[in-house]
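Before any comments, here is the structure.
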Amino acid sequence: MRRGVAIAAVCLCLLSAGCTGLFGDGSAARETVTPAPVPTADAPTSPAQRAPGVVGDRVVNATALGRAHVAQLSNTSYRVHHTRTVMNGSGLHSRVRTRASVSAGYESYTATRTISGESVTAREIHSTWRDGRALSRTTVNGSTSAEVVADSRGIGGPPRPPRAALFFEPTFNGRLIALLSATNITSIRPGDEVIKQLYGVPLYRIKGTGSADDSAVATRPVDRVTNVSLSATVTPNGVVRGYALQYTVVNGTDTHRVTEILRYSDLGTTDVVFEDRQRTERHRNRTARPE
């Protein structure tokens, strides 16, 4: 827990230093990518190696980087944390928090999204995949509804694959490609020793200011985007370990300040834990090398 808090704090520090639906990951697209034959997502590499799609101080192919990110995450267990906060002049307009624990190969997962704020109806969405079945539970105003979203046997639900049955794209692939394509990248440099200690692997920082395509940053076509600031951490193998993004949205007479924080943690060491009234199950997925 202390480590997660520390990494989140670093994300916010990176943001201040230079730095969808309703508020999802910005893209419903889920790419089918053949997993790369690598032992772990954060295997040691040469410090000089750049991620796929990165050349020097430029992201020349955001799609290649996004594909590498997806392929690496498909080979390992991980936790993903994403928060999108929208503030207006009077306070909190809306906040969407998404948390998930995912096993290697998406054999099991548990995910929760909470939505709050003065402009939205507060609700919680909880989704699980276990024993070949995806279950979803939604709570609004104290009332809870449940459904079978998918079943690998086609019993009670369509036979969808586990990743497609989740209510959001856990790799945030579409959002990452959009941001890295649209943001004006100003520097790509090796991370300092503090960041290396926190993440446990060598990585480098991508910083950007301003946008060449506002529509790619905005989550709604009617929004006009200004004051874009992005800071991301990326491993040489192509895993985008996280980003901190801020931008201003202007829609008519309304102006909102948006902050997005994405973070991946516990690669290769994540336990997917299911809890219900009868039992607690723990699905452990570990790779050969802990994070």
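For this structure, a couple of remarks:
- Estimated inter-spin distance, N184 and E275, nm [label 7 Å along Cα→Cβ]: 4.8 nm
- Relative contact order, percent, region 189-271 [alpha-carbon distance under 8 Å, six or more residues apart]: 21 percent
- Estimated from the Cβ-Cβ distance and a Förster radius of 45 angstrom, the FRET efficiency linking D192 and V148 is about 0.40.
- Region 125-166 and region 99-113 have Cα centres lying 13 Å from one another.
- From most to least packed by mean Cβ count within 10 Å, the peptides 149-162, 220-233 give 220-233, 149-162.
- Note that region 189-202 has calculated 3J(HN,Hα) couplings of 9, x, x, 6, 5, 4, 5, 4, 5, 5, 8, x, 9, x Hz, one per residue in order, obtained from phi through the Karplus relation 6.51 cos²θ - 1.76 cosθ + 1.60 (θ = phi - 60°); glycine and proline are x.
- Averaged over its residues, region 52-276 has an accessible area of 39 Å² per residue, based on protein heavy atoms and a 1.4 Å probe.
- Apportionment of accessible area to carbon and sulfur, region 129-177, percent (1.4 Å): 51 percent
- Take every Cα pair under 8 Å whose residues are at least 6 apart in sequence, average their separation, divide by the length of region 52-276, and the relative contact order is 22 percent.
The values are calculated or read from the model by the stated rules, or taken from the named source; none is laboratory data. What you see is a predicted model, and the numbers here were worked out from it, not measured in a lab. Counting neighbours? That spans all protein chains shown, and the Cβs are built from the backbone with ideal geometry, glycine included. The area values use the complete protein model at the heavy-atom level, side chains included, leaving out ligands, DNA and RNA. Shrake-Rupley method; radii C 1.70, N 1.55, O 1.52, S 1.80 Å.
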